[in-house]
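These notes are about the structure you will find just below.
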Amino acid sequence: MIFANLVSGGIIRSVRLSLEGARAVEAGQLDQSIDVRATDEIGQLAAAFNRMIVQLRNNQRIKETFGKYIDPRVVEG
C-alpha cells in the first residue's frame with residue numbers, strides 16, 4: 001500500500017506540473033519548461049512539452065522580426 005501511494009504521488013505530481021505548464025503557456029508565458037526526471041510516458045510528455053515551447057518561442061520571434069518590416073496583418077496570416 002505504501003509503495004502504491006508513493007508511485008501514485010509521483011505520477012500525480014508530474015501531471016500537475018504538466019498542467020501548470022500548459023496553463024502558463026495558455027496565458028502566453030512561453031518561458032515555462034518542465035523538468036524531465038523520468039524516461040517513462042510522463043517524462044516523454046514533459047520532453048515533448050519542452051520541445052513545443054521552444055517551437056512556440058521560435059514562431060513568436062519570427063513573427064516579431066517580420067512584424068518590423070511587413071504589415072502585421074500579413075504576418076498573422
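A few notes on this one:
- Against the set [x] 7.7; [y] 6.0; [z] 8.1, the structure's computed mean projected area of the Cα convex hull in nm² falls on [y].
- Of all accessible heavy-atom area on the chain, the percent that carbon and sulfur account for (1.4 Å): 58
- Axis of helix 41-67 versus longest Cα principal axis of the chain: the two differ by about 10°, to the nearest ten degrees.
- Here the relative contact order of the chain, from alpha carbon pairs under 8 Å that lie six or more residues apart, stands at 20 percent.
- Farthest toward positive dipole pole in segment 2-77 [+1 Lys/Arg, -1 Asp/Glu at C-beta], among VAL75, PHE3, ASN50: VAL75
- Coil-residue chymotrypsin sites (Phe, Trp or Tyr not before Pro) of segment 31-77, DSSP, other Cβ within 10 Å capped at 14: TYR69
- Seen against the Cα atoms of the chain and their longest principal axis, helix 2-26 is set at about 10 degrees.
The values are calculated or read from the model by the stated rules, or taken from the named source; none is laboratory data. Nothing here was measured: the structure is a model prediction, and the numbers come from that model. Note: ideal-geometry Cβ built from the backbone for every residue, glycine included; neighbour counts use all protein chains shown. These area figures cover heavy atoms from the full protein model, side chains too; ligands, DNA and RNA do not enter into them. Shrake-Rupley method; radii C 1.70, N 1.55, O 1.52, S 1.80 Å.
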